[in-house]
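Let me begin by presenting the structure, written as structure tokens, before commenting on it.
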Amino acid sequence: KFEEIYEFDKKLRFSYSDLKWVDDDSLFMPIQRKQIKGIMTVDISEGLGQDYSVINIFKIAPKAREIIEVQKHTYSTMSDFFCLVQIGMFRSNLVSVKQLAELFYMIAFEYFHYDNFKVVLEINSYGNEFLAHLPHVFEGNNNYGSSIFFRYKHKADAEEEKIGLKVGDNKNMLVKDYQDAMQRRDISIYNEDNIRELTTFIKHETNAGNTQYKSDSANDDTVMTIVNMATIFKKTYYHSMVDLVFRSCTKEFQDKVNTHLKNMDYSSGTDYSTFTSTARKFKQQTKSNPGLFGI
């Protein structure tokens, strides 16, 4: 459902009525938004009534108890006990890139706490224009910082990671990661438009015999935000965010997770100690410099 937000009404000069929130207090309560840790994933169009610009918003949360009971024999890390739960989405094909930058800033830096969110940005067509607008939103009167974005290699042989995800020849690999994540129930979707697009996003064979994934309907922009977001499950940064969420969970849940991980058969090759060492280092660094990682 759409809800008017005072801060948005005061600063935005265009309609943000396409920003919808999940209508379920057990999943999202606005009053608690500053404590939520999560992921946003952004896809950008030109705003001329064709492709859609999408800001898809997820929180990190424990998986449902019944899912854990069925799956836990496959779990090898703390992150396996958690998933990304959709709490909101903006979808419009009428906003300009500049307007989208303003709305994104309001969501990421003022509505939520920017230290608690990390963003996957598809950089392909309008990503760089979007990034160029962000430091100057509201005439530069803002707290924007680029550390909120995940970084990726833009070429296979690149040594440096840069802001944003480039989708090209790697699309089929990204789709495979997305399929695996959905199968593991690592992502929960509630938005109707998103669900509709997901049901029509299928494999197609080209005349040249190649495989492509695209929607049978007109658009798959919301699906691509999910496909792109599935890349984060391989990011150490995401696992560090999960560790912070885990620390705020009930003692009962923490005890169950810790007991499972202690009883794991490490002969299978999973080394949980590597993750805990990384998480411990992350915690020490953020404690000494809270702005270092933007979380």
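FYI, it's all coordinate maths here, none of it is from the lab. Bear in mind that the values here come from a model prediction, so they are computed numbers and not experimental data. Using ideal geometry, Cβ is built from the backbone for each residue, glycine included, and neighbour counts are taken over all protein chains shown.
When the gyration tensor of segment 1-141 is built from Cα positions, what are the square roots of 5 times its three eigenvalues, in whole Å, from largest to smallest? Write out the running numbers ahead of the final one.
Details: eigenvalues 175, 58, 41 Å².
Value: 30, 17, 14 Å, ordered largest first.
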Whole-Å semi-axes of the ellipsoid equivalent to segment 82-169 (Cα gyration tensor, √5λ, descending): 22, 17, 15
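Rank by packing, highest mean first: peptides 75-82, 16-23, 249-256, with packing defined as the count of other Cβ atoms within 10 Å averaged across residues.
Working: 75-82: 19.8, 16-23: 17.2, 249-256: 11.8.
Most protected by this proxy first, the peptides run 75-82, 16-23, 249-256.
Arrange the peptides 142-153, 169-180, 89-100 so that the one whose residues have, on average, the most other Cβ atoms within 10 Å appears first. The partial results should precede the final answer.
Numbers: 142-153: 16.6, 169-180: 15.0, 89-100: 20.0.
Per-residue mean Cβ counts within 10 Å order the peptides as 89-100, 142-153, 169-180.
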Amide H contacts of Val119 (H built 1.01 Å from N, under 5 Å, at least 5 apart or other chain): Met40, Phe149, Phe150
Dimensions in Å of segment 1-58 - Rg and Dmax from alpha carbons: 13.2, 37
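If you restrict to DSSP beta bridges whose two residues both lie in segment 21-125, what percentage is antiparallel, to the nearest 5?
Details: 17 of 22 bridges.
So the antiparallel bridges amount to about 75 percent of the total.
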Protection-proxy order for peptides 49-57, 238-246, each taking the mean of Cβ atoms within 10 Å per residue, highest first: 49-57, 238-246
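Using a ≥ b ≥ c from the Cα gyration tensor of segment 115-209 (square roots of the eigenvalues), is it rounded, prolate or oblate, where a/c under 1.5 gives rounded and otherwise the larger of a/b and b/c decides, a/b for prolate? Provide the component values of the computation, followed by the final result.
On the way: a/c = 2.01, a/b = 1.49, b/c = 1.35.
Note, shape of segment 115-209 comes out prolate.
Please quote Rg/Rh for segment 144-191 to two decimal places, taking the Kirkwood radius as Rh and restricting both calculations to Cα atoms.
Numbers: Rg = 13.7 Å, Rh = 12.9 Å.
Result: Rg/Rh = 1.06.
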Hz values of 3J(HN,Hα) by residue in segment 155-163 - Karplus curve (6.51, -1.76, 1.60), Gly and Pro given as x: 9, 4, 9, 5, 8, 10, 8, 10, 4
For segment 1-126: relative contact order, % (alpha-carbon pairs under 8 angstrom, 6 or more apart): 35
Other-chain or far-sequence residues with amide H under 5 Å of Lys162's (modelled H): Tyr152, Lys153, His154
